[in-house]
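The values are calculated or read from the model by the stated rules, or taken from the named source; none is laboratory data. As the structure is a prediction and not an experimental result, all values here were calculated from the model. Backbone-built Cβ (ideal geometry, glycine too); neighbour counts: all protein chains shown. Quick note on the areas: whole protein, heavy atoms, side chains included, nothing else; ligands and nucleic acids left out. Shrake-Rupley method; radii C 1.70, N 1.55, O 1.52, S 1.80 Å.
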Amino acid sequence: MGLNRFEYIEASSIPEASRFLADRPEEARIYAGGTSLLLLMKQRIARPAYLVNIKKIPGLRYIDKNDGTVRIGALTTHHDLEFSPLIRRWLPVISELEPEVANIRVRSTGTIGGNLGFAEPLTDLPPVLIAMDARIKVADESLERLLPLEHLFRGYYETSLRPQELITEIQVDLPAPFFGIKYLRFSMGSDKPLVGCAVGIRIDPESKLCVDARCVLGCVGPTPLRVREAEEALKGLPYRVNSSAKAARIAATACSPLTDLRATEEYKRAIVEVLMRRAVEEAFRRASSKLQG
Amino acid sequence: MQDNVGQSIKRLESESKVSGELKYLSDLKLPGMLHCKALRSPYAHARIVRIDSQRAAKFSGVEGVLTRDDMVDNPHFDSHYGPVLKDQTVVALDKVRYVGDLVAAVAATRLDIAEEALDLIEVEYEELGAVFSFEEALAENAPLLHEQVSKPEHGFVDLADVNPVEGTNICTTFHLSKGDLEKGFQNSDFVFENVFTCPSAQHAALETLCAVARLERNGGLTIWSTVQNPFVIRDQIAELFHLPVSKVRVIALNIGGGYGSKLYPKLEPLVAALAWKTRKPVGLTLTREEVFQTITKHAAEIHLKTGVTREGRLLARQCRIYLDTGAYAEIGPRVAKKSGYTAAGPYNIPNIQIDSCLVYTNKVPAGAFRGFGVSQSAWAHESEMDLIARALQMDPLELRQKNLLEEGGEFATGEHVHSFGLRQCVERVASALQWGEKCPPPPQKHLARGKGMACLIKATITPSISSALVRLNEDGSATVYVGTADVGQGSDTIMAQIVSQELAIPVTHVQVVHSDTDLCLYDLTTSSSRSTFHMGRAVQLAAQDIRRQLACLAGRLWNCPVEEVLFANQGVRCVVNDVVHAASYRNLLSASFGIKGANLVGKGTVKTEAVQRNGEPLTSAFWFAGAGAAEVEVDRETGSVRVVRYASAADVGKAINPFFCEQQLKGGAITGIGLALMEQLVYQDGLLINPNFLDYNLARFLDIPEEIIPILVERAHEEGPYGAKGVGETALIPVAPAIANAIEDAVGVRVTDLPITPEKVLRALQEKEQKAQLLEGPTPGRS
Amino acid sequence: MTRKKIILSVNGVRNEIEVEAKETLLETLRNRLDLTGAKLGCDQQVCGSCTVLMNDLPVSSCSVLAMDADGCEILTVEGLGAGGALHPIQQAFIEHGAFQCAYCTPGLILAVKYLLSRFPRPTEPQLRHYLAGNICRCGCHVEILQAVRSLARRAQENQL
Ligand SMILES: Cc1cc2nc3c(=O)[nH]c(=O)nc-3n(C[C@H](O)[C@H](O)[C@H](O)COP(=O)(O)OP(=O)(O)OC[C@H]3O[C@@H](n4cnc5c(N)ncnc54)[C@H](O)[C@@H]3O)c2cc1C
Ligand code: FES
Ligand code: FES
């Protein structure tokens, strides 16, 4: 179906975009890559009266590293991430996952700001980024604030952003030494994932024991879910089939997937359990391979 | 000559296809064309209490609104149509029967205006009870979809016996029996009973449905449509509009994939009625969602009961098939018949009873789908074959070999099959996958591999008729006129190859004019994998007609016997008294007629009968045989299935273009993998909830096997051109059961309802494990 | 509703066109520029039959606003090849018979163009991942992969 009628505005600065959004909180929507928004409009789920294109705002598309932090501008596309040498060098888990995200055309246009700001439950980046304790920088007309990415997500398609706020930057600190991370996604015939699971493990180089862990699930609840109990189950232990199975069971119970046309709730829990087990094993392997390397 | 029959030449239209120049219907615009948009029912079953389109009609840019008010007592056209039963209406009259049923339509100068005007049509519905499952539809006192149904004036001969069962939702039934079923079961050592189900699916041709109609000055109608059988559309529109067929012209351009979805009237009655009302050309292109709401594949439930001896001889088989045709019969009755014929499988079984029942429900109508009902029945009988083999501890290949229908064998219908290379198909797919050798164990523990196979028999529409014209042009080139629609299968090229072979001219000198009811002679349909056999033969006969005429001309010119005239190198030759006479066609024509500009026209007709020469009934002019074998890898922990290798064999009679045949086998295998593993339409209270490609997934590059092995078996058929039969549908049919059988080989579980989702496999694995634990007895510590 | 003049360079030709806000790039190409090679298939960024290259990257033209493409370089299937000759990818598609109905072909050819520009010698997983977003319902995947592999081989031979 064709798109509904709307007015199209190109913002040239963050304050300008923010002001426009503040004035028409119900009617205006941010248009970045448009991949998610246009889909929604075509299905008539959204009928915004104004689209505010933020892509003409200069200085929001970059990938930098300084002071041990990788900074990614909100307008950076999936494609930029996929082929960025800097990402490949410092956050290879993202280069590894990107070819599986959506399809090449969505990746060419879809932005990281849109991926996070849209807060769709079926996405890949949030669990990985949360497992790396990513922060986002959020700005409105006059103020800027920094918040843990985990705090952005409130519910299905719902964020803690105020209508006039934009995500401007994503920050990821370089992984600590002896940290390994693995993201596994399960999908069935679709461009979108059914279940995603990110596990980060930091080990003590001497004892090989896990000193810190991150277990984050995607697609199995209204928001990405950090399963702290599963993390605790891994801490203080070396890699063991039993402990990873235990963490996996905890995760499978902790999440709240919905039965939908692709799979039932039980099946998604079963997949969470499998992915978690496999991801824990690989994350441990990666953490300890850094020992040798 | 390298263009000859048997050569894999490239499609004639190849360049225009890769350059993007080839025009499909939605690429064209008629001057002054209005754009149409349809209003569809939000209810599964409801009475229309009131419909008011005045506001929409007055909306600026709107040129016409079609509602039931235009249908009542209109002397110019009828309200009802349908290829087998006249149960469809141009727009809804008294009630709507599924979510998406046509209620009204707007024609406007712009598409977005038409879309906006829809919101201005006021409709008041009174909801009625609806039926969505076989159980609900067949229950006593079930709400009825159709109270009364009439038949078209000139229906199909093979469907003359189709009759709805009054007072029920049964659209039609089909019965076939042979031998003595009860005795067969009594003599059997084992009797197996299983139920298999397949969901409704969608064809998902990338080009959606599209139609344009124009009212001509003489009161006639010209219709452009994405349609595979233009003559059927012509006849239906003529009957609907009380016009002689000579005043209805139906043209199909190149079609962006059909697979059965582009047969029989879909949008044509609607655009024609709006063109009649507005007196302007009207075009309608469906959105993807609307295509999903227009036509689907029949969901089926199949009950099989099979009696076998200890040695694995099939003695008796009973098949009960329920097919869900949705809200309208469409071509469902033929699907019921075709899946009925073959429900017992391609086996030599002395006692057979088959009953199929076509049921109306308040869902999207189902129609032809690549395989025409046979993929549903083969899913059942081929799954059951492996269940039997497993129980008898016999190799599934061996069980099949013991029972296969052989050349000259008696089929369920009582007739004897000829030109039937099933055994070769079965044995060659088996050896292609090194049947009998264990798959090498995959590196990871949670993965397991296995092999499975399946085979099939399929009929083609019989009786039927196809005619072709070939024109020899004054320069010695030829033009062939065929009603066949090229949906991508390469029929134009095949026809050109046949003309090239017969007239000894290069393929590039053959022009193909296709699927235009004004230019071409009658052809029943491009479906049922019938075009090569029927139209190919008609073209061959037409070309031979030209040869006869050429021989006469040469004979007269050179005073030689016509039998001695030879055809080579774009011309004729004859040796008379040791003198060699030779002339190009061009020269022969101008010499014979004494003037430039003489043509020859040849005509060929193929008509198949319902009775054979020996008096036996003929339900199918020829029988397709095919087989497939799959090697799969199953993830025991997630239930995911990956097809690693697939071999696909079909008896094509003779491969006129081997590459095209192999392409059909490979393409069918890939589509089949999607249908086997993921495709399924999902309804919630009558609402189709996945009518789009985001939610209805098709096989992608990530899902195809590492290797697909196409195998052509050539058992010539005496009536086909050069022995050729057809190949379009055979490849898809065995895929799902072959995969299910391979899964059982790999991990020992059986899925009986399609699609085989990872979830079903995992659940079956879990159940198997639980059973194994129960058998081991109570675990210590628990009592 | 906003109307705006945009500048769209399509297949090397500069166009100044007035478009509406709700117009997609696909609609502009097909309805205003009569370039019908890109097709509407799913309208959801899933099938790829509307694929065009925008500043050398593949996009779903069904889901890009025309106004958003202002100033961009667009390549459609019509712009491949030079002086009436077919582009090597088009030739390879013919050579390997990589289509039946060909409704998917224009989009796939551009997807392949991008793939080979990014990975002149793609691995098997790369082939599958970067073409996965283009659906071919006729099931010509095997032939398409053969065509792409042959192009990669040729590129490699030419380099040696
Ligand atoms: C077919 C398809 C398949 C997909 N598959 C996957 C997948 O497998 N994995 C995955 O992770 N994702 C997937 N996606 C989602 C994809 O990642 C997102 O579409 C994309 O990243 C969104 O970016 P965008 O720039 O296009 O957002 P837009 O569509 O432009 O924006 C969507 C909304 O996000 C919000 N927004 C955008 N930018 C900002 C900002 N800077 N600050 C605050 N809010 C903002 C606004 O509310 C806006 O309306 C898929 C999408 C499609 C269409
Ligand atoms: S039509 Fe654009 S991706 Fe399918
Ligand atoms: S060739 Fe028909 S969809 Fe690809």
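At-a-glance table
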read-out	value
Condition check for C:Ala21: within 15 Å of A:Leu3 (Cβ to Cβ) and either away from ligand 2 (no atom under 12 Å from the Cβ) or under 13 Å from the mean Cα position of the chain (by Cα) (or both)	yes
Residues being among the aromatic types (Phe, Trp, Tyr) and under 22 Å from B:Leu681 (Cβ atoms) - total across the range B:117-145	2
Lone unmet requirement of (1) touching a helix residue (DSSP H, G or I) at 6+ places or on another chain (Cβ under 8 Å); (2) within 14 Å of chain C (Cβ to nearest Cβ); (3) among the aliphatic types (A, V, I, L, M) for B:Ile505	(2)
Residue that is least open to solvent (accessible area, probe 1.4 Å), among those in the range C:27-44 that are in a helix (DSSP H, G or I) and facing chain B (nearest Cβ under 10 Å)	C:Arg30
Among the residues listed as B:Val91, B:Val49, B:Val72, B:Val99, the single one being closer than 30 Å to B:Thr361 by Cβ, assigned to a loop (DSSP other than H, G, I, E, B) and more than 33 Å from the chain's Cα centre (by Cα)	B:Val72
Residue in the range C:45-59 that is farthest from ligand 1 (Cβ to nearest atom), counting only those that are farther than 17 Å from C:Ala102 by Cβ and either β-branched (Val, Ile, Thr) or not in a strand (DSSP E or B) (or both)	C:Asp56
Filtered residues of the range A:4-25 (kept if open to solvent by 10 Å² or more (accessible area, probe 1.4 Å), without any contact (Cβ under 8 Å) to a residue 60 or more places away in the chain and not in a helix (DSSP H, G or I))	A:Asn4, A:Arg5, A:Glu7, A:Tyr8, A:Ile9, A:Glu10, A:Ser12, A:Ser13, A:Arg24
Among residues of the range C:60-92, those that are aliphatic (A, V, I, L, M) and within 14 Å of ligand 1 (Cβ to nearest atom), counted	3
Failed item in (1) open to solvent by less than 10 Å² (accessible area, probe 1.4 Å); (2) touching a residue at least 60 places away in the same chain (Cβ under 8 Å), with C:Pro88 passing the rest	(1)
Complete set of residues in the range A:133-158 that are outside any strand (DSSP E or B), over 10 Å from the mean Cα position of the chain (by Cα) and of a type outside the set (S, T, N, Q)	A:Asp133, A:Asp140, A:Glu141, A:Leu143, A:His151, A:Leu152, A:Tyr156, A:Tyr157
Failed criterion for A:Lys65 (all others in (1) among the basic types (Lys, Arg); (2) within 11 Å of ligand 1 (Cβ to nearest atom); (3) away from chain C (no Cβ under 14 Å) hold)	(2)
Residue tally, condition farther than 19 Å from C:Ser60 by Cβ, under 24 Å from the mean Cα position of the chain (by Cα) and of a type in the set (Ser, Thr, Tyr), over the range A:1-43	1
Matching option when the condition is at pLDDT 95 or above, away from ligand 3 (no atom under 16 Å from the Cβ) and either over 30 Å from C:Leu131 (Cα atoms) or in contact with a Lys or Arg (Cβ under 8 Å, 6 or more places away or on another chain) (or both), among A:Met132, A:Met188	A:Met132
Checking A:Ser243 against (1) in contact with a Leu (Cβ under 9 Å, 6 or more places away or on another chain); (2) open to solvent by 10 Å² or more (accessible area, probe 1.4 Å); (3) in contact (Cβ under 8 Å) with a residue 60 or more places away in the chain; (4) not charged (D, E, K, R), the condition it does not meet	(3)
Cross-chain or 6+ apart pairs with Cβ under 9 Å, the range A:61-79 first and over 20 Å from C:Met54 (Cβ atoms) and free of Cβ contacts under 8 Å to residues at least 40 places away in the same chain, then crowded, with 17+ Cβ neighbours inside 10 Å and small (Gly, Ala, Ser)	A:Tyr62/A:Gly73; A:Ile63/A:Gly73; A:Ile63/A:Ser84; A:Asp64/A:Gly73
Condition check for A:Ser142: small (Gly, Ala, Ser), away from every other protein chain (no Cβ under 14 Å), open to solvent by 30 Å² or more (accessible area, probe 1.4 Å) and away from ligand 2 (no atom under 16 Å from the Cβ)	yes
Selected residue (only one of A:Leu81, A:Leu75, A:Leu91, A:Leu60 is more than 16 Å from ligand 3 (Cβ to nearest atom), open to solvent by less than 20 Å² (accessible area, probe 1.4 Å) and touching a Phe, Trp or Tyr at 6+ places or on another chain (Cβ under 9 Å))	A:Leu75
For B:Leu387: the one exception among (1) part of a strand (DSSP E or B); (2) open to solvent by 10 Å² or more (accessible area, probe 1.4 Å); (3) of a type in the set (A, V, I, L, M)	(1)
Condition check for B:Phe659: open to solvent by 10 Å² or more (accessible area, probe 1.4 Å) and of a type outside the set (S, T, N, Q)	yes
Breaking point among (1) touching a Lys or Arg at 6+ places or on another chain (Cβ under 9 Å); (2) in contact (Cβ under 8 Å) with a residue 12 or more places away in the chain, for B:Cys560	(1)
Residue match in the range A:94-101 (condition: more than 12 Å from the chain's Cα centre (by Cα), of a type in the set (Gly, Ala, Ser) and within 16 Å of ligand 2 (Cβ to nearest atom))	no
When residues of the range B:1-29 are limited to those that are hydrophobic (A, V, I, L, M, F, W, C) and within 14 Å of chain C (Cβ to nearest Cβ), the one surrounded by the most Cβ atoms within 10 Å (Cβ to Cβ)	B:Val18
The range A:117-139 residues that are of a type in the set (Asp, Glu), paired with ones that are assigned to a helix (DSSP H, G or I) (beta carbon under 6 Å, 6 or more apart)	A:Asp124/A:Leu97
Evaluation of C:Arg137 against (1) touching a Pro at 6+ places or on another chain (Cβ under 9 Å); (2) closer than 20 Å to B:Gln663 by Cβ; (3) within 16 Å of ligand 2 (Cβ to nearest atom) (one fails), failing number	(1)
Counted residues, the range B:662-710 - those being touching a helix residue (DSSP H, G or I) at 6+ places or on another chain (Cβ under 6 Å), part of a strand (DSSP E or B) and either without any contact (Cβ under 8 Å) to a residue 40 or more places away in the chain or surrounded by fewer than 21 Cβ atoms within 10 Å (Cβ to Cβ) (or both)	1
Matching helices (runs of 4 or more DSSP H) fully within the range A:53-103 where at least 3 residues are under 24 Å from A:Met188 (Cα atoms) and at pLDDT 95 or above	A:78-83, A:92-97
Count of the range B:218-238 residues which are over 18 Å from B:Val482 (Cα atoms), modelled with pLDDT of 95 or more and not polar (S, T, N, Q)	4
Selected residue [free of Cβ contacts under 8 Å to residues at least 24 places away in the same chain, within 14 Å of ligand 3 (Cβ to nearest atom) and under 13 Å from B:Lys17 (Cβ atoms)] from C:Ala98, C:Ala102	C:Ala102
